[in-house]
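Here's the structure, in structure tokens; my notes come after.
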Amino acid sequence: MIGATLQQDSRARSNTVRFLALFLGLSVFIHGLYYPQEWLLFGFLLSAYIMSSFLYKRSIFMTEEYSGLGLTDFLLLGYIIFSLLGLLHPIKYTDGLLEALRWGVFWFVYRLGVRISSDEKAKRYLLQYIEWIAIAIAVIGWLPWIGKVGGRLSSVFGYPNAAAAFLGAALLLYPQRKLVLIFLAVSLVGTGSRAGVGLFLIVLGVQQIFLRVNLQKNSPSLSIRQRFHQRPKILSRYLRGLVGAMLGIAGTILMPLYYKSAWENLTAWGFSSSSWQERIVYFQDGISLAWNSGGVPQAGGWLAFPAVQHFPYWTADPHSSFIHILLNQGFLGILSVGIWGSFSLAKAWKIWGRKNKQYISSLTELEDAKAQLKVSSALVFLALHSLVDADFSFGALGILFWLLFGILHKRRDYFRTIFSKQNKLLFMLSNMGMFGLSFIFCLICGSALLNPKMIEREQIWNAQAVQCREQDPEKSVELWGKSLKRDQTQVKVRQELAEHLLRQGNLDSGLETVKDVLLWQPFELEAYEWAQSVVWDAAEVNRQAQPEMTMLLYQWVEEVPETIEGRADDLNDLDLKLWQGHKNFLPSQHIKLLADYARQRQLTQLLPQHKL
């Protein structure tokens with residue numbers, strides 16, 4: 001009976017490993033799990049798998065050996081809650097829903113990783129699958145018909161730095177075959193990612209210090225026995241190493257010849273380069289947005305960057321996990337990850353401190369310690385890389401991180417007492433709660449896939465507002481207002497609302513809406529031309545009906561050239577360096593002409609005479 005149960009549990013873990021490998025592979029090969037539709041699809045598949053496993057009485061998250069929820073679980077579940085709280089103050093409502101989905105997927109993957117954490121064989125298989133995926137990424141990147149971004153290897157991700165993050169993590173897991181190791185290393189260099197290569201070398205150096213000094217120091221007799229038994233293999237290893245070294249040198253020499261752009265980007269290490277300085281600007285603007293919001297979670301918080309930028313740039317990600325969490329999960333999100341990180345580092349320090357004081361007496365213990373060190377190194381590399389790049393835009397990198405963190409988890413005997421016989425009810429309720437959450441995710445993702453408009457209600461409201469703007473103008477204003485509260489990034493809708501208000505004679509609200517349009521397009525000359533034109537037209541139509549308000553409109557039209565010149569004057573030296581086209585940011589002839597007309601109109605405009 002016990003043997004049959006253990007065999008069933010082993011099969012369940014084996015199936016879990018295969019599913020995780022398939023899940024990670026698919027997430028990588030569809031653009032690194034970047035687009036919303038891909039997140040919905042994978043959220044549906046993962047939650048459906050968890051439910052089916054539960055229904056077949058294969059407990060994915062808890063067994064009677066393990067308590068389940070810990071500090072990491074509370075962090076990830078808390079981030080789901082913080083993401084949903086961001087829907088109360090959205091910049092873009094659908095981004096908040098997708099953010100909650102992301103953290104839900106990460107939590108499910110983490111729990112599946114914990115499920116196999118006690119099975120060393122399953123973990124070895126999983127790491128082997130990760131190595132194969134990395135090889136496939138590198139091979140695809142070198143194919144001649146696969147496009148290169150700026151002459152740099154980007155493979156299936158379409159972004160060289162994301163490819164570098166995955167390849168660097170795979171290298172730190174240390175593939176056993178030397179040729180694979182060298183091929184992945186040359187591919188990493190081919191991405192031209194300075195942060196990827198630089199952080200990889202730093203983490204690799206620390207890893208080797210721990211591996212050579214700490215572990216070998218604590219297993220001297222074992223090292224001697226290994227050398228004695230492996231003496232016949234020394235010559236073959238030497239020859240393989242020599243061939244590998246030659247291939248590595250050849251690859252390094254050919255790199256500057258065939259991938260000159262990648263090599264030039266890789267060797268531009270100075271912090272004076274535009275790439276590093278642009279990231280500093282992103283960080284500063286992200287902190288400004290968080291300060292303006294009071295540190296509360298905001299769905300799609302980064303997308304409000306046009307309101308604080310000092311020169312024109314466009315990026316869908318702040319290129320930092322710190323800024324991403326600060327804006328989407330708020331100050332509490334940063335505080336939570338700080339506490340979690342501190343406890344995790346303290347625990348790791350305690351574990352490795354204990355290993356330094358104990359001698360490793362068996363080969364199994366040594367291999368286990370090495371495996372833990374390799375996985376820990378890959379996790380540190382991914383965490384550090386996410387601080388300076390757009391890793392959060394690619395779900396595949398997040399899945400890789402939380403999967404590795406899950407298998408690193410070690411089950412402790414003292415946790416078993418939590419779910420003893422007297423706590424069977426608590427165990428059942430916990431399992432049912434996890435099943436319920438997966439059911440909710442499956443239902444929402446499936447519904448959104450079948451009916452995409454379900455989560456894009458603002459598009460429905462916009463269409464209704466256009467249809468009824470002649471018959472019921474007030475209703476149109478209400479519908480556009482609801483749409484903009486749900487998605488503030490809709491510049492075209494703001495323009496339609498501004499034109500509608502000005503046509504209806506609501507000049508005060510119309511002018512404020514025009515200003516909002518320019519707030520979201522502060523460096524678009526076409527936007528200034530549009531704004532000046534619609535305000536001028538409204539002033540001309542209402543000269544007799546609202547003369548005092550018309551004077552304010554003419555005055556605003558006159559000041560548009562000064563507004564443009566003022567933005568250019570506010571640029572500092574760094575902004576001028578990063579914005580090469582600043583010299584062309586000048587009022588057009590059309591803008592100057594309307595400003596001159598507005599000045600003349602103010603001189604000839606007759607205000608109503610007030611009775612004495």
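The values are calculated or read from the model by the stated rules, or taken from the named source; none is laboratory data. Treat the numbers as computed from the prediction; the structure is a model and nothing was measured. All Cβ positions, glycine included, derive from the backbone under ideal geometry; neighbour counts span all protein chains shown. For accessibility, only protein heavy atoms count, side chains too; no ligands or nucleic acids. Shrake-Rupley method; radii C 1.70, N 1.55, O 1.52, S 1.80 Å.
Figures for the structure shown
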{"quantity": "Cβ-derived FRET efficiency at R0 51 Å, Glu562 paired with Leu387, nearest 0.05", "calculated": "0.80"}
{"quantity": "Under 13 Å, Cβ to Cβ, from Ser27 - net charge with Lys/Arg +1 and Asp/Glu -1", "calculated": "0"}
{"quantity": "Isotropic mean projected area of the C-alpha convex hull, the stretch 135-202 (nm²)", "calculated": "4.1 nm²"}
{"quantity": "Exposure of Arg503 as accessible area (Å², to 10), given a probe of 1.4 Å and all protein chains", "calculated": "140 Å²"}
{"quantity": "Exposure of Leu603 as accessible area (Å², to 10), given a probe of 1.4 Å and all protein chains", "calculated": "140 Å²"}
{"quantity": "Heavy-atom surface of the stretch 160-213, accessible at 1.4 Å and reported per residue (Å²)", "calculated": "34 Å²"}
{"quantity": "Carbon/sulfur fraction of accessible area - the stretch 69-217, other protein chains in place, 1.4 Å, %", "calculated": "72 percent"}
{"quantity": "Potential lengthening between Glu264 and Asp73 on full extension [0.36 nm per residue; Cα-Cα distance subtracted]", "calculated": "64.5 nm"}
{"quantity": "Spacing of the two label points (7 Å from each Cα toward its C-beta) at Lys453 and Leu201, in nm", "calculated": "5.6 nm"}
{"quantity": "Cα pair distances of the stretch 97-176 binned at 5 Å [whole percent]", "calculated": "3, 14, 17, 16, 19, 16, 10, 4, 1"}
{"quantity": "Probe 1.4 Å, all protein chains present, accessible-area order of Leu335, Leu479, largest first", "calculated": "Leu335, Leu479"}
{"quantity": "Calculated FRET value between Ile280 and Asn584, using beta carbons and R₀ = 30 Å, to 0.05", "calculated": "0.75"}
{"quantity": "Under 18 Å from the Leu603 label point (7 Å along Cα→beta-carbon), backbone N, the stretch 538-555", "calculated": "551-552, 554-555"}
{"quantity": "Solvent exposure, largest accessible area first (probe 1.4 Å, DNA, RNA and ligands not counted), of Met551, Met434, Met454", "calculated": "Met454, Met551, Met434"}
{"quantity": "Ordering of 80-92, 380-392 by packing [mean C-beta count within 10 Å, highest first]", "calculated": "380-392, 80-92"}
{"quantity": "Solvent-accessible area, 1.4 Å probe, carbon plus sulfur percent, for the stretch 506-612", "calculated": "50 percent"}
{"quantity": "In Hz, Karplus ³J(HN,Hα) per residue of the stretch 474-483 (6.51, -1.76, 1.60; θ = phi - 60°; x = Gly, Pro)", "calculated": "5, 5, 4, 4, 5, 5, 5, x, 4, 5"}
{"quantity": "Distance (nanometres) between label positions extended 7 Å along Cα→Cβ at Arg177 and Leu345", "calculated": "3.8 nm"}
{"quantity": "Gain upon complete extension [Asp537, Arg212; 0.36 nm per residue less C-alpha separation]", "calculated": "109.3 nm"}
{"quantity": "Point-to-point label distance, Lys577-Phe331, nm (Cα→Cβ direction, 7 Å offset)", "calculated": "3.3 nm"}
{"quantity": "Computed E for Leu88/Trp145 - FRET, C-beta separation, R0 60 angstrom, nearest 0.05", "calculated": "0.80"}
{"quantity": "Largest-first ordering by accessible area, 1.4 Å probe, given options Ser275, Ser321", "calculated": "Ser275, Ser321"}
{"quantity": "Across Lys492/Lys515; Lys475/Lys515; Lys92/Lys482; Lys515/Lys583, pairs whose alpha-carbon gap is larger than 19 Å", "calculated": "Lys475/Lys515; Lys515/Lys583"}
{"quantity": "For Trp461, solvent-accessible area (1.4 Å; no DNA, RNA or ligand), Å²", "calculated": "30 Å²"}
{"quantity": "Around Asn161: net Lys/Arg minus Asp/Glu count, Cβ-Cβ under 15 Å", "calculated": "0"}
{"quantity": "Hydrodynamic radius of the stretch 489-604 per Kirkwood, over alpha carbon pairs, in Å", "calculated": "14.7 Å"}
